[in-house]
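The values are calculated or read from the model by the stated rules, or taken from the named source; none is laboratory data. Just so it is clear, the structure is predicted and the values come from calculations on it, not from any experiment. Cβ sites come from the backbone with ideal geometry, for glycine too, and all protein chains shown count toward neighbours.
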Amino acid sequence: MTDPTSPTEELLFTKDEAGIARIVLNRPQARNALTFGMYEGLITLCGQVAEDPTVKALIVTGAGEKAFAAGTDIAQFRSFKTPEDALGYERFMDRVLGTLERLRVPTIAAVAGACTGGGAAIAAACDLRIATQDARFGFPIARTLGNCLSQGNLKRLSALIGPARVKDILFTARLVGADEALAVGLVTEVVADAEALEGRAAELATLLAGHAPLTLQATKEGLRRLQEGDTGAGEDLILQCYMSQDFREGMEAFLAKRPPHWTGR
């Protein structure tokens, strides 16, 4: 790996020479439970990725094999006393997840073990999710904290698996296994173990990094707008692709029977 940075010891960032960036949630002793500082770090790193034209794909994963992330560290809630504490937290979480969701590059959540609460929300905000056979997903708040998900999180989950399944998971407070998660569309692929997960995430990120970046961006943004209720024609996205150098390059490469060289312009 090259170009390593670490905004905190609990949140690690690397970028390799192929433009594949990785964010590692690094609190394995706490099953990678997220602190407010880690959430802030995610916003910072997403901004760094957005501004770096050499980054072509992002993998988000957890340290160790026991958890992707076991939600927000519950100790963070001890100071909550006022309505603004609750509302401010959910607004903050929507900002964290929205920043990840709006990234120009494709994002892959590589999930091993527990993926619950805030961790499951982060995975849901990524474009693709790969899981190990022992992965478990859920929001067991009905039997633990007694809080709720924001409208933004409910909308995001409903877009993935539908409102009926969201109710099932939240009402029963159960954890969904990898096979069920694959069957309902919560994950896109299941692999055997953590070693296979690392290899497959890298392979998939490399595949995506070799595709037309403007096509991926337009697809991401168009789907995000639809999820937000925007039914417009998306003419700006159409023009972004059709008027680009990459579109001309794609045509010429196809006709010449050679691989295209994408520049994102």
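The table below gives the values:
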| read-out | value |
| --- | --- |
| Selection count, segment 224-265, where residues are at pLDDT below 95 and part of a helix (DSSP H, G or I) | 4 |
| Test result for GLU221, under 17 Å from the mean Cα position of the chain (by Cα), in a helix (DSSP H, G or I) and on the phi < 0 side of the Ramachandran plot | yes |
| Unique match (being hydroxyl-bearing (Ser, Thr, Tyr) and surrounded by fewer than 22 Cβ atoms within 10 Å (Cβ to Cβ)) among THR72, THR107, THR54 | THR54 |
| Hits in segment 10-64 (condition: on the phi > 0 side of the Ramachandran plot and among the polar types (S, T, N, Q)) | ASN32 |
| In segment 161-183, the residues that are assigned to a helix (DSSP H, G or I) and crowded, with 17+ Cβ neighbours inside 10 Å | ILE161, ARG165, VAL166, ILE169, LEU170, ALA178, ALA181, LEU182 |
| Qualifying residue in segment 228-243 (condition: within 21 Å of ALA21 (Cβ to Cβ), surrounded by fewer than 18 Cβ atoms within 10 Å (Cβ to Cβ) and either in the same structural domain as ALA120 (by TED's automatic domain parsing) or within 18 Å of the chain's Cα centre (by Cα) (or both)) | no |
| Identity of the residue in segment 11-44, within 23 Å of GLY210 (Cβ to Cβ) and within 18 Å of the chain's Cα centre (by Cα), that ends up surrounded by the most Cβ atoms within 10 Å (Cβ to Cβ) | ALA21 |
| ALA256 vs. criteria exposed (fewer than 15 other Cβ atoms within 10 Å of the Cβ), free of Cβ contacts under 8 Å to residues at least 24 places away in the same chain and among the aliphatic types (A, V, I, L, M) | yes |
| Contacts under 8 angstrom Cβ, first residue in segment 50-78 being outside the structural domain of LEU12 (by TED's automatic domain parsing), partner of a type outside the set (Ser, Thr, Tyr), 6 or more apart | none |
| Members of segment 135-159 that are hydrophobic (A, V, I, L, M, F, W, C), part of a loop (DSSP other than H, G, I, E, B) and either over 19 Å from PHE92 (Cβ atoms) or out of contact with any helix residue (DSSP H, G or I) (no Cβ under 8 Å at 6 or more places or on another chain) (or both) | ALA135 |
| Boolean, ARG200 is at pLDDT below 95 and within 22 Å of the chain's Cα centre (by Cα) | no |
| Conditions (1) crowded, with 21+ Cβ neighbours inside 10 Å; (2) under 12 Å from the mean Cα position of the chain (by Cα); (3) not aliphatic (A, V, I, L, M): number failed by ASP127 | (1) |
| Test: residue in segment 192-201 that is in contact with a helix residue (DSSP H, G or I) (Cβ under 9 Å, 6 or more places away or on another chain), crowded, with 18+ Cβ neighbours inside 10 Å and either under 21 Å from LEU128 (Cα atoms) or of a type outside the set (Lys, Arg) (or both) | no |
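Here's the yes/no breakdown for (1) of a type outside the set (Lys, Arg); (2) more than 13 Å from GLY118 (Cβ to Cβ):
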{"site": "GLU17", "(1), (2)": "yes, yes"}
{"site": "ILE20", "(1), (2)": "yes, yes"}
{"site": "ASN26", "(1), (2)": "yes, yes"}
{"site": "ALA33", "(1), (2)": "yes, no"}
{"site": "VAL49", "(1), (2)": "yes, yes"}
{"site": "LYS56", "(1), (2)": "no, yes"}
{"site": "LEU87", "(1), (2)": "yes, yes"}
{"site": "ASP94", "(1), (2)": "yes, no"}
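Residue-by-condition table, conditions (1) under 21 Å from LEU100 (Cα atoms); (2) not charged (D, E, K, R):
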position	(1), (2)
SER158	yes, yes
VAL166	no, yes
VAL187	yes, yes
GLU221	yes, no
